[in-house]
Each structure stands twice: as structure tokens, then as C-alpha cells.
1. Among the residues of region 8-30 satisfying the criterion of being without any contact (Cβ under 8 Å) to a residue 40 or more places away in the chain and in contact with a Lys or Arg (Cβ under 9 Å, 6 or more places away or on another chain), which is surrounded by the fewest Cβ atoms within 10 Å (Cβ to Cβ)?
2. I'd like the full set of residues that are among the polar types (S, T, N, Q) and touching a strand residue (DSSP E or B) at 6+ places or on another chain (Cβ under 6 Å), limited to region 192-230.
3. Given (1) under 19 Å from the mean Cα position of the chain (by Cα); (2) part of a helix (DSSP H, G or I), where does Ser120 come up short, assuming only one miss?
4. With the requirement that a residue be closer than 19 Å to Arg109 by Cα and assigned to a loop (DSSP other than H, G, I, E, B), what does region 40-79 give you?
5. I'd like the full set of residues that are within 17 Å of Tyr133 (Cβ to Cβ) and either within 19 Å of the chain's Cα centre (by Cα) or not in a helix (DSSP H, G or I) (or both), limited to region 162-171.
6. The conditions are (1) of a type outside the set (Gly, Ala, Ser); (2) assigned to a loop (DSSP other than H, G, I, E, B); (3) crowded, with 17+ Cβ neighbours inside 10 Å, and Glu196 fails exactly one of them. Which is it?
7. Name the pairs whose Cβ atoms lie under 9 Å apart, with the first residue in region 338-350 and of a type in the set (Lys, Arg), the second assigned to a strand (DSSP E or B), and 6 or more positions between them or separate chains?
8. Give the number of residues within region 229-262 that are at pLDDT 95 or above, among the aromatic types (Phe, Trp, Tyr) and under 14 Å from Ser198 (Cα atoms).
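The values are calculated or read from the model by the stated rules, or taken from the named source; none is laboratory data. Here the structure is a predicted model, which means the values were calculated and not measured. Heads up, the Cβs are rebuilt from the backbone with ideal geometry, glycines too, and the neighbour counts pull from every protein chain shown.
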Amino acid sequence: MAKYVIGDIHGCGEEFARLLDELAFNPSKDELYLAGDLIGRGTSPQLVFDLAIKHQAQAVLGNYDLHFLACLHGARQAIPSDNFEQILNLDAKKRNYYGSWLQEQGFVREEDGFYLVHASLDPSWSAEQITTYGKELSTYFASWQTSDFMHFFSNKRFIDGLKEFDYTQESSLRHLYECLFIFTVCRYRKLTTVDESSILFPQSLTALSQEVGLENLNNYPWSVLVKDFQRSFFDIDVGMKGEPICMPEQRLYPWFEFARMLDEQTRLNPELVKDNPNLQYQGFTKPVYFGHWSRLNGHELVPGIICTDTSCVYGDRLTAYQLSESAVNMQDLATLKQLAQPVATVYKDK
């Protein structure tokens, strides 16, 4: 028996089929995990779905998967480069079959030997919080009907949901947007002061405190990312998509460089990080596999942080990694390095 994870397939069905052959994958004894963005841009989305279902794949949802589901429910309009037509033009029963299967996949997979998420996890979350937030969002999302997709995705981005959020609504709604950002979109994070406009708080925390009252903010669990609304916090950045560069002067870091951020900012801006409950580094108790960021190819990442997106849809390759079947010692650097090595690769048909 073996457990494998494959990165962003993006509708590259033929390459997916060849990679499964390369692995000699047998669903009667092996397990298959997919890191999200199963379809979108590639020209064979139906083949991807058929292979994933046939091989009993366990996937996590990516931003393109959410976009597809929003289009399926009429909440967004697909564009030609999405290449969703092959699914959207099927009869209602068949396209809804694929949509229902995808919607039930959830956002975080967790076994003894790994976490799997599409984009990121928050390094300040405890193991218990990762489990709780992943399960809560996955269960809630799986129950959505067309009206929910229309409400949340109707020509809107997650950032728009945060901008429109007023603090008379249920806090669980804000938790939803924050977790969707972390699990499906996030690449970079920025250490942000209370006076700066941000993704999480567009009007700045100072302005928000004046608007809704500091007591209201601090005494109610409005956020899963901010505990103290009078202190700096690790915001989400949506503009950076390139190479994984740490920019201490701008306080901007790849999401997995949290420990480095704390070290550098303790020297540069100690007043922002010292004794700050928003910046309590937990670390991860098991390796984190993710996709979403093909520009990480060729870069040595933090040990135990493993990017599976090798940019097949953009002309490169599709890659599989073997997952640990038991708990991993996160201090065992040799094992972590081995886990980050692909076990099978196929190249994009030109």
C-alpha cells in the first residue's frame, strides 16, 4: 500500500492518466490525494473528474474549483480560458454529479503523517485549530445550495466579502471568508500595523475600532487570525505571485516564513512583535503539502513545507509525491527532505 499526492492538475487529463500509469496506481490498495485546482485552463476537465472518481481520490478544494462551482450554480460567468464548457455543456444530471462530488471534497485533509491544503495554513494556529477550522468550513460548504453560491460568489471576490462585512452579522461568516482566503488563495502574508489599510480590515484596525467599538472587537471572536485588535497582525497579501522572496523592509513574507518574519521583525520592529498574541508561532506538527504556487519550483523551502504544483497546465510537468503513512518527526531533516522529492513525473504534451 502507498499514499500519493498529486499537485494542481488544472484540467490536464491526459497527463493525469499517464502519471497514474507511471505510479502503477491501484485503488484497491493505494490511496490518492489531490492538492486542489483539479480543473481550470486545461482542456480535459471531464477526464480529470472521471479519473479522480474512478481512483477514489481524496481532494482539497482550490480557488479554481470554487470558481468552477460558482459558474456551475450561475453565480459567476466562465470565460473561455477557464475551459469549463466541456462540463457546463453536459446534461444537468451529469454536470451536477461532478459538481456534487467536487463540493464534498473539503478544504483540509489530515492524516497522521501529513496535512494537505491547496494554498496555505496559518502558522499561528494550533494543531487543534487547524483540524477544527478545516472541518467546520468543509462541512458548511458541502451544504451549500445555489442560493448560497449566489450570495457569496455573485461576481464578488473574498476581499469584497470582507469589505462588506458589518459587525452586526454572525462572526462565523467572517471566519468563513478568512479561512477561504487562507486555504485557497494565500501566498504571501504582511505584518501590518493597526493604522494601515489591509485585506483583513480595509479601513484599518484603528478606524474599525472607532466605528464599532474596541470592546465589541476584543470581547467577541470576530476573527480566526486576530486575537488582539490593538496590535499588529499577519495580514494576507493578494498582489504577490512570483518567486518566494522575503522582504523585511516591507514586512512581506511567504506564508510559511512565519518564524523568519518573527526573527527579522524582532530586530527591525520589536514594538510590533514583542508579546503580541496575534503572532504566536505554533509551527506544524506534521508535513504540509500544498499546491497553488508553481513559482516555488526549484526553491528550497522550509523543511516540512512541500509544494506540489509543478505547473503542468503552463507547459511544464505533473508530479506525484509519496506521503508518509505514519507520524513524522519534524526535527528529522533527512526524512523531511526525502518526503519533498517527487516519486513520479510526467511532462506536458506539447
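1. Within region 8-30, the subset without any contact (Cβ under 8 Å) to a residue 40 or more places away in the chain is 13, 17, 20-21, 24-30.
So of that shortlist, the ones also in contact with a Lys or Arg (Cβ under 9 Å, 6 or more places away or on another chain) come out as 27, 30.
Numbers: Pro27: 12, Asp30: 16.
Among residues in region 8-30 that are without any contact (Cβ under 8 Å) to a residue 40 or more places away in the chain and in contact with a Lys or Arg (Cβ under 9 Å, 6 or more places away or on another chain), the one surrounded by the fewest Cβ atoms within 10 Å (Cβ to Cβ) is Pro27.
2. Pass one, region 192-230, residues among the polar types (S, T, N, Q): 192-193, 197-198, 203-204, 206, 209-210, 216, 218-219, 223, 230.
Result: Thr192, Ser198.
3. (2)
4. First, the residues of region 40-79 that are closer than 19 Å to Arg109 by Cα: 49, 52-53, 55-66.
Within region 40-79, His55, Gln56, Ala57, Val60, Leu61, Gly62 qualify.
5. The first filter runs over region 162-171 and keeps only residues within 17 Å of Tyr133 (Cβ to Cβ), leaving 162, 170-171.
Leu162, Glu170 - these are the residues of region 162-171 that are within 17 Å of Tyr133 (Cβ to Cβ) and either within 19 Å of the chain's Cα centre (by Cα) or not in a helix (DSSP H, G or I) (or both).
6. The number of the failed condition is (3).
7. Once the first residue is of a type in the set (Lys, Arg) and sits in region 338-350, its partners that are assigned to a strand (DSSP E or B) give Lys348/Arg317; Lys348/Leu318.
8. 2
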